[in-house]
1. Consider the stretch 8-47. How many of its residues are surrounded by fewer than 10 Cβ atoms within 10 Å (Cβ to Cβ) and either part of a helix (DSSP H, G or I) or among the polar types (S, T, N, Q) (or both)?
2. Would you mind stating whether ASP29 is acidic (Asp, Glu) and at pLDDT below 95?
Amino acid sequence: MTVEQIEAAILNLSETDFAKLRNWLLDLDYQQWDRQLEQDILDGKMI
């Protein structure tokens, strides 16, 4: 599946499903940010 296909599918979501997807993506982004921050701390990049 291409990014363009995913974008097209997103445009066809109901408001409810779009909200669920948005919340899921935000949660995923926060989790990745937390993992990166933890790794940066372990690597001594955070002073």
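The values are calculated or read from the model by the stated rules, or taken from the named source; none is laboratory data. Since this is a predicted model, take the numbers as computed values, not measurements. Here the Cβ is made from the backbone with ideal geometry for all residues, glycine too, and neighbour counts use every protein chain on show.
1. Residues meeting the conditions: 6.
2. Against the criterion (acidic (Asp, Glu) and at pLDDT below 95), ASP29 does not qualify.
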